[in-house]
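See below for the structure under consideration.
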Amino acid sequence: MIATLLALPATVVQALPEEAVGLAAEAATGPGHQGINYLSLMAKASLPVQLIVLLLLIGSLMSWVIIFRKQRALKLANQAADEFENRFWSGADLGKLYSAASDRNRAVEGLEAIFEAGYREYTRLRGRGRLDARAQLEGAQRAMRTSYTREVDVLERNLETLANIGSTAPYVGLVGTVFGIMVTMHDMVNSGESAGIAAVAPGISEALFATAIGLFVAIPASWAYNRFTTRLERLSVRYETFAEEFSSILQRQSASED
């Protein structure tokens, strides 16, 4: 057996031709390893898909503008509430606080606006001298409720738009996907191409890209809407609590003066 093996001729190992090496390298780094050119994908997409993607991008721009503005508005509202509560509960005279709040040279918002409305109505009714303490207190409470509703309405502005964008964007993207698939199948039938992956891949890619854009628009908008709604509810409870506490202070002050 060993002698037989020794008798076999030595095998000559030859190097691969340069053309074969080049083809192998090209296959290893072929189209399957290339990244996706999204701009080129949209440039070659059908007109319905392009219009839907453009609509989604406009919705995304609107939602981000609302997000940044609402973030700033809620932050300023909380800071203003902290500042006014510190001055209010520090024992400052109500008349001085009202004089500062009724200054027409600056805008009054949030807790300070609620305080200003309630104290203005209270002093107006008390100046008449014909109403009892209960009627004066009820008038101040109505004024504070009106101011509270106005302040909350300002903070809630554009939240509905944010909710609509977050809830409808995935479906708008899905409509783009359906249009993309329909156009791809129609073009494939008209051209007579075989139903291979190479024939349908470009159209399917642009169709799925519309769905991805829809999710890209919807996720931040939905998250921001839920976040802002929670923060607004907390701020609303804070406003209501202050109005109740201020009503108690006015009631005690009215009883002491009587």
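The values are calculated or read from the model by the stated rules, or taken from the named source; none is laboratory data. Remember, predicted model here, so these are calculated numbers, not experimental data. Here the Cβ positions follow ideal geometry from the backbone for every residue, glycine too, while neighbour counts run over all protein chains shown.
If only residues of the stretch 73-96 that are more than 37 Å from the chain's Cα centre (by Cα) and surrounded by 11 or more Cβ atoms within 10 Å (Cβ to Cβ) are counted, the one that is nearest to residue 248 (Cα to Cα) is 94. Out of all the residues in the stretch 133-151, is one or more over 28 Å from residue 242 (Cβ atoms), of a type outside the set (A, V, I, L, M, F, W, C) and under 23 Å from the mean Cα position of the chain (by Cα)? For the stretch 133-151, residues over 28 Å from residue 242 (Cβ atoms), of a type outside the set (A, V, I, L, M, F, W, C) and under 23 Å from the mean Cα position of the chain (by Cα): absent. Looking across the stretch 184-216 at every residue that is touching a Leu at 6+ places or on another chain (Cβ under 7 Å) and either within 15 Å of residue 59 (Cα to Cα) or modelled with pLDDT under 80 (or both), the one that is surrounded by the fewest Cβ atoms within 10 Å (Cβ to Cβ) is identified as 205. Does residue 181 qualify as being at pLDDT 65 or above and over 25 Å from residue 223 (Cα atoms)? Here the answer is yes, as residue 181 does meet what is asked.
Within the stretch 153-168, the set of residues being within 30 Å of residue 249 (Cα to Cα) and either crowded, with 16+ Cβ neighbours inside 10 Å or in contact with a Gly (Cβ under 6 Å, 6 or more places away or on another chain) (or both) comprises 155 only. Close contacts from the stretch 116-135, counting a first residue that is closer than 20 Å to residue 148 by Cβ and a second that is β-branched (Val, Ile, Thr) and part of a loop (DSSP other than H, G, I, E, B), with Cβ to Cβ under 9 Å and a gap of 6+ residues or different chains, come to 116/108. In this structure, residue 101 does not satisfy being at pLDDT below 60 and not β-branched (Val, Ile, Thr).
Residues in the stretch 44-61 that are touching a residue at least 24 places away in the same chain (Cβ under 8 Å), surrounded by fewer than 17 Cβ atoms within 10 Å (Cβ to Cβ) and under 20 Å from residue 161 (Cβ atoms): 57 only.
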